[in-house]
Amino acid sequence: MTTPANPASGPDILTTPAAMQRWRRDHPGELGFVPTMGYLHDGHLALVRRAKAENPLNVVSIFVNPTQFGPGEDYERYPRDEQRDLSLLRSAGVDAVYLPSPADMYPPGYQTYVTVEALTRRLEGEARPGHFRGVATVVLKLFNAVSPTRAYFGRKDAQQLRVIRRMVRDLDLPIEIVPCDIVREPDGLAMSSRNVYLSPAQRAAAPIVRRALDTAATAWAAGERDAEALRQAARNVISSEPLAQLEYVSLADDETLEELEGTVDRPALLSLVVRFGPTRLLDNIELREQHA
Ligand code: PAF
């Protein structure tokens with residue numbers, strides 16, 4: 001017998017993989033899933049709205065995943081506000097929230113990890129060794145608990161989206177990965193839970209990241225196809241802002257993320273990471289012929 005989900009009384013809260021799997025067995029049918037690390041913003045809520053529009057049942061997970069943070073990264077201080085998140089998800093009308101603990105996800109003796117190979121060697125994989133091993137592992141574990149029909153990921157974490165797509169294809173997971181557009185603040189800054197780390201001066205300067213991408217996209221639209229010229233257009237904008245330090249700019253094949261040289265003759269991803277003090281801001285834009 002199926003227990004109907006009842007969003008009017010608030011989402012069901014499941015805190016262990018076994019409880020989540022039981023809930024799923026009791027709620028068969030198409031299900032949309034939004035995995036998050038909490039501290040929800042409008043970008044997450046846009047994923048939830050899309051999932052709700054496309055599925056009769058919806059689950060959101062909140063789990064700050066320790067295995068995707070490297071030593072010295074911000075795992076401990078990553079922003080958390082469970083009560084606020086739950087209240088936003090109740091208003092959004094999700095059916096269930098999966099809130100596992102690190103001890104339930106990685107009990108003593110845990111030793112199994114998922115590695116997506118070539119795709120994770122560059123860009124964020126190079127800057128944050130082990131990061132995508134943690135992401136792929138936790139996402140597979142979340143998928144195994146929730147058994148979604150569709151899972152929703154933002155395009156802001158462009159490499160993450162490609163890593164998850166690759167894992168789903170390679171491991172024959174019967175899940176549709178739905179990419180969703182970047183949600184931005186009115187001044188163009190891509191929404192991210194980590195934006196709270198920015199000082200007021202850094203926050204005021206941060207829209208330069210979007211401006212750098214727009215400048216390269218404008219050059220692309222005007223017919224520029226030289227990979228290095230497009231990267232340089234973005235670099236020039238970032239170097240005009242004293243608070244911004246460019247960590248990398250990449251113009252890569254949109255699917256494999258292999259860096260492109262010479263004439264760009266295929267869909268490409270222009271991505272960059274800019275540091276404001278210790279805070280890394282990621283952003284990207286897809287360059288395709290129809291933009292011309
Ligand atoms: O994008 C995120 O918030 C995380 O990397 C994810 C996909 C929830 C895995 O922890």
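Computed quantities for the displayed model
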read-out	value
Dipole magnitude (debye, nearest 20) for the chain, charges at Cβ of Lys, Arg, Asp, Glu	600
Stokes-Einstein translational diffusion, the chain - Kirkwood Rh over all Cα pairs, 1.567 mPa s, 4 °C, in µm²/s	65
Alpha-carbon Rg with Dmax, taken over the stretch 136-190, Å	12.7, 40
Where Asp214, Asp265 fall by accessible area, highest first, once all protein chains stay in place (1.4 Å)	Asp265, Asp214
Largest-first principal axis extents of the Cα set of the stretch 204-290 (Å)	36, 25, 19
Sequence-separation-based contact order of the chain, relative, with Cα cut under 8 Å and 6+ spacing, percent	16
As computed over the stretch 42-121, the Cα convex hull volume per residue (Å³)	159
Assigned charges on the beta-carbon of Lys, Arg, Asp, Glu; the stretch 39-99 dipole about Cα centre (debye)	240
Furthest towards positive pole of dipole, Gly125, Ala229, Pro79, structure part the chain, Cβ charges	Pro79
Kyte-Doolittle mean at least 0.5 and Cα axial length at least 20 Å: DSSP H helices in the chain	131-146
Debye, to nearest 20: dipole size of the stretch 27-181, +1 on Lys, Arg Cβ, -1 on Asp, Glu Cβ	280
With DNA, RNA and ligands ignored, accessible area of Arg22 (1.4 Å probe; Å², nearest 10)	130
√(5λ) per eigenvalue of the Cα gyration tensor, the stretch 147-292, largest first, Å	26, 21, 12
Unit charges at the beta carbon, dipole of the chain: most positive-side option, Ala204, Ala219, Ala244	Ala204
The chain: most fluctuating residue of Pro179, Pro17, Pro267 per GNM, C-alpha cutoff 10 Å	Pro267
C-alpha center-to-center spacing [the stretch 228-250, the stretch 105-183] in angstrom	28
Fraction of beta bridges assigned by DSSP in the chain that are antiparallel (%, nearest 5)	50
Over the stretch 94-197: Kirkwood hydrodynamic radius from C-alpha pairwise inverse distances, Å	15.4
Mean projected area in nm² (Cα convex hull; one quarter of hull surface) for the stretch 15-56	3.4
Low-density loop positions, GluC sites (Glu not before Pro), the stretch 189-292 - DSSP coil, at most 10 other Cβ in 10 Å	Glu261
Value of [θ]222 nm, deg cm²/dmol, for the chain, DSSP H segments ≥ 4, -39500 (n - 2.57) each, nearest 500	-10500 deg cm²/dmol
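The values are calculated or read from the model by the stated rules, or taken from the named source; none is laboratory data. Here the structure is a predicted model, which means the values were calculated and not measured. Every residue, glycine among them, receives a Cβ derived from its backbone with ideal geometry; neighbour counts consider all protein chains shown. Side chains included, ligands, DNA and RNA excluded: accessible areas come from the protein's heavy atoms. Shrake-Rupley method; radii C 1.70, N 1.55, O 1.52, S 1.80 Å.
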